[in-house]
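Peer 1: This is the structure I have questions about; it appears just below.
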Amino acid sequence: MQAIDLPKGLASSNARNIAERLKSISGGKVLDVATGNGDFIRTLMKTLKDYGSFVGVDSSEKEVKSARKRLKGKSVRIMKMDAEDLQFEIDSFDTVCISYSLHHLDRVEKVLAEMKRVLKPGGHFIIQEPFRDGKQTEAQKTDILQHHWETEIDSLQGVTHHKTLAKQKILNVIRNLKLREVNIFESTHPVRCLFCSDKFRCDDPKNRQIMNESIREIDSAIDKLKKHPDLQIRTRLQEEGEKIKERIKKYGLAEASHVFFIGKK
Ligand SMILES: C[S@@+](CC[C@H](N)C(=O)[O-])C[C@H]1O[C@@H](n2cnc3c(N)ncnc32)[C@H](O)[C@@H]1O
């Protein structure tokens, strides 16, 4: 993809370099852990040099159904499974990956150890995870604050969802995996943006439609909060939600930067 086809922010991000690196990898049999609606599988299908098949696992029935629907007709098997206890033999996959999900896990180290167990020696381990610190624009900081606010609301409803991780925490987790031929990238834009029809709209932090969508999401969460029995928590979260809406109007929104890691077992 030529820089000329891309909006400014995306062109100056590391997304194309990450895509180039992925283009040199033969994926073979790929396992995507905490696959959600299968978004990362779709990205890898477009970027890997080649691949044999994909297996996506997720613990949520709702996500499993959504991924099956979105990936219908493709060479993909989606399974409901807890990533802490992967139901696969040792050395079963040529590539294992986890994207935007470390902060959704109860026990990150347990899941990554399981992923390493099922990865063949010489296979690729890929991690994509946003971080909350480092050099980020005010628009990115707004996105991080909104995410933190949403994690608190999810937690009230019993859903595991932690705040965006600090970059050093992600790097420590990666180091503890003790992999070789390691590549670590940082990027403001994920690889999937390269293929997205909305890339010009999203590249503008002050895009009205995107700002309004986020404000609507906050309003709807505030609405649901009205039923929460604890007045103090309810009031605090409502006030914080209003402040985030003000920040969106002032600075706009942009996705938090992320770490993209590739290593070999
Ligand atoms: C943000 S979503 C996934 C995003 C997706 N991988 C992507 O890149 O677009 C996080 C997912 O982690 C899943 N998850 C959380 N804990 C899990 C576990 N122990 N085992 C499997 N999936 C888990 C959730 O159900 C959710 O679908």
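The values are calculated or read from the model by the stated rules, or taken from the named source; none is laboratory data. This is a predicted model, so every value here is computed, not measured. Cβ placement follows ideal geometry from the backbone for every residue including glycine, while neighbour counts extend to all protein chains displayed.
Peer 1: Of everything in the stretch 46-79 that's over 26 Å from residue 18 (Cβ atoms) and surrounded by fewer than 13 Cβ atoms within 10 Å (Cβ to Cβ), which residue is farthest from the ligand (Cβ to nearest atom)?
Peer 2: 73
Peer 1: Mind checking whether some residue in the stretch 33-44 is farther than 15 Å from residue 195 by Cα and more than 9 Å from the ligand (Cβ to nearest atom)?
Peer 2: Checking the stretch 33-44: not a single residue is farther than 15 Å from residue 195 by Cα and more than 9 Å from the ligand (Cβ to nearest atom).
Peer 1: Next question. Name the one entry in 179, 145, 156, 231 that is in contact with a strand residue (DSSP E or B) (Cβ under 8 Å, 6 or more places away or on another chain) and among the hydrophobic types (A, V, I, L, M, F, W, C). Give the steps one after another, and end with the answer.
Peer 2: Numbers: 145 fails: in contact with a strand residue (DSSP E or B) (Cβ under 8 Å, 6 or more places away or on another chain); 156 fails: in contact with a strand residue (DSSP E or B) (Cβ under 8 Å, 6 or more places away or on another chain); 231 fails: in contact with a strand residue (DSSP E or B) (Cβ under 8 Å, 6 or more places away or on another chain).
The match here is 179.
Peer 1: Select, from 114, 181, 129, 186, the only residue that is touching a residue at least 12 places away in the same chain (Cβ under 8 Å) and exposed (fewer than 14 other Cβ atoms within 10 Å of the Cβ).
Peer 2: Numbers: 114 fails: exposed (fewer than 14 other Cβ atoms within 10 Å of the Cβ); 129 fails: exposed (fewer than 14 other Cβ atoms within 10 Å of the Cβ); 186 fails: exposed (fewer than 14 other Cβ atoms within 10 Å of the Cβ).
After ruling out the rest, the residue left standing is 181.
Peer 1: Need at least 3 residues that are more than 28 Å from residue 115 (Cα to Cα) per element, so show me which helices (runs of 4 or more DSSP H) inside the stretch 138-243 make the cut, counting only ones lying wholly within it.
Peer 2: Numbers: elements: 138-156, 167-176, 199-202, 208-225.
Per the criteria, 138-156, 199-202, 208-225.
Peer 1: Considering only the stretch 74-91, I want to know if a residue exists there that is modelled with pLDDT under 95 and of a type in the set (A, V, I, L, M). Step through it out loud before you land on a result.
Peer 2: Going through the stretch 74-91, the residues modelled with pLDDT under 95 turn out to be 74-75.
Okay, now just the ones that are also of a type in the set (A, V, I, L, M), so none.
No: the stretch 74-91 contains no residue that is modelled with pLDDT under 95 and of a type in the set (A, V, I, L, M).
Peer 1: Report yes if some residue within the stretch 192-204 is surrounded by fewer than 18 Cβ atoms within 10 Å (Cβ to Cβ), away from the ligand (no atom under 16 Å from the Cβ) and within 15 Å of the chain's Cα centre (by Cα); otherwise report no.
Peer 2: Within the stretch 192-204, not a single residue is surrounded by fewer than 18 Cβ atoms within 10 Å (Cβ to Cβ), away from the ligand (no atom under 16 Å from the Cβ) and within 15 Å of the chain's Cα centre (by Cα).
Peer 1: How many residues are assigned to a helix (DSSP H, G or I), over 19 Å from residue 170 (Cβ atoms) and in contact with a strand residue (DSSP E or B) (Cβ under 9 Å, 6 or more places away or on another chain) if we restrict to the stretch 109-137?
Peer 2: Counting residues in the stretch 109-137 that are assigned to a helix (DSSP H, G or I), over 19 Å from residue 170 (Cβ atoms) and in contact with a strand residue (DSSP E or B) (Cβ under 9 Å, 6 or more places away or on another chain) gives 1.
Peer 1: Criterion first (over 18 Å from the mean Cα position of the chain (by Cα), closer than 22 Å to residue 173 by Cα and either within 9 Å of the ligand (Cβ to nearest atom) or aliphatic (A, V, I, L, M) (or both)) does residue 106 satisfy it?
Peer 2: In short, no.
Peer 1: Got a number for residues in the stretch 83-96 being within 14 Å of the ligand (Cβ to nearest atom), out of contact with any Gly (no Cβ under 9 Å at 6 or more places or on another chain) and touching a residue at least 24 places away in the same chain (Cβ under 8 Å)?
Peer 2: Initial filter on the stretch 83-96 (within 14 Å of the ligand (Cβ to nearest atom)): 83-88, 96.
With the extra rule that they be out of contact with any Gly (no Cβ under 9 Å at 6 or more places or on another chain), the set shrinks to 83-88.
Now restrict to residues that are touching a residue at least 24 places away in the same chain (Cβ under 8 Å): 83-86, 88.
Of the residues in that region, 5 qualify.
Peer 1: Here's another thing I want to ask about it. When you go through 250, 264 one by one, which is the residue that is of a type in the set (Lys, Arg), closer than 30 Å to residue 168 by Cα, modelled with pLDDT of 95 or more and surrounded by 13 or more Cβ atoms within 10 Å (Cβ to Cβ)?
Peer 2: Being of a type in the set (Lys, Arg), closer than 30 Å to residue 168 by Cα, modelled with pLDDT of 95 or more and surrounded by 13 or more Cβ atoms within 10 Å (Cβ to Cβ) holds for just one of 250, 264, which is 264.
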